[in-house]
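The values are calculated or read from the model by the stated rules, or taken from the named source; none is laboratory data. From a predicted model like this one, the values you see are computed outputs, not experimental measurements. Here the Cβ is made from the backbone with ideal geometry for all residues, glycine too, and neighbour counts use every protein chain on show. These accessible areas exclude ligands, DNA and RNA; they are computed on the full protein's heavy atoms, side chains included. Shrake-Rupley method; radii C 1.70, N 1.55, O 1.52, S 1.80 Å.
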Amino acid sequence: MALGNVAASSAVQGLSPLEQRRYLQLPAQGNPRARELAQQLGSQLSPEQTVMELMRRFREQEYFYTLRPPAMPEDGIDALLFDEKRGFCAHYAGAATFVFRAAGIPSRVVVGYQGGDAGANNEYYIVRQYDAHAWVEVWLEGRGWVRVDPTAAIAPSRIESGLRDAMADEGSFLENELISPQRYSDLQVLQWASLQLDRINYQWQRWVVGYQGQSQMDLMSRLPGGVGMKELGYLTAGIVGLALLVAGLVSALGMKRGARQDAFRRVVSSWHRFCEQAGVPVRAGETPEALAQRLSRAVPAVSESARVFARAVNNHYYSASSAPASADDTRRLKRLLRTMKRQRRNGPEPVPEIRTPPNE
């Protein structure tokens, strides 16, 4: 069984004393049978032969790869190697690292991903969490860090075909993920829909979340004229400036409209104060026309002016076809209010004409 090279530069430099201690570190006690196996192998074989012998043991004895491992006792590595012989990649990687270190071979567990699926139209590759994998790297003099994968010896199908196919007979693939589309690989329509949703997410991540640097340049290069970084900066500044100008105009128009509305409301508030001064307190929820009727009974001289004033206010606030108050509307209300104040002091006088939309 050949071992795969992983590192080259480290093979020349060697491990420092600190790295040696780190990658040979083990608990002071525990798993005596695994320690005894390591001592037997290490005393008879070279480090490389020790690694290959443990891999041969995994390959030839009845070890099983499963996603339903049994509960392990306190000496879990002993139980895995000599009793249960059932586990998944992390179990076997941890056990192999323990044996290698006990045999005096610097080693470490490495985690990453093994496998994946092609995305929609083969535009990219999908690597999911269930593709996570663990293996071992051992330090061999003259070679550096070398990859060793116990799972490849125990269950080659896990490496060659992926977790789904390797667990087909056991039925443990995503058994607790009832709503995962990947669990139902036989439903082609569901798989197609899942790929389309993933493609949308991929494009969102690519062009929105990760839209920067080279992605911008790739997009700009498709435009006529060969847009570069300088032109892109001018274009971006222009777009931002235009957006700020539009926002400023909208804000100014809104403030102007708000100011007109505030002026109209201030005149209505002044009328309310006039009513209270005339002994007609404003009631909560009362309509302008009802208030004008009570004011007319208290001050008959202002009856006509109050009626016209109330109708204008009522049409402004309650008519379905009402428009924002204009400066002319506000000026007419002010004239009516001044007329009511004079009428209260001096008696009736002609009411200023005011145009109001029909009350709907």
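Counting only protein heavy atoms and a 1.4 Å probe, the stretch 47-103 has 45 square angstrom of accessible area per residue. Its residue count N sets the reference 2.2 N^0.38 Å, and the alpha-carbon radius of gyration of the stretch 59-155 equals 1.24 times that reference. Surface composition of the stretch 79-119: carbon plus sulfur atoms hold 48% of the accessible area, using a 1.4 angstrom probe and ignoring ligands, DNA and RNA. Here the peptides 293-306, 335-348 are ranked by packing, the mean other Cβ count within 10 Å, and the order with the highest first is 293-306, 335-348.
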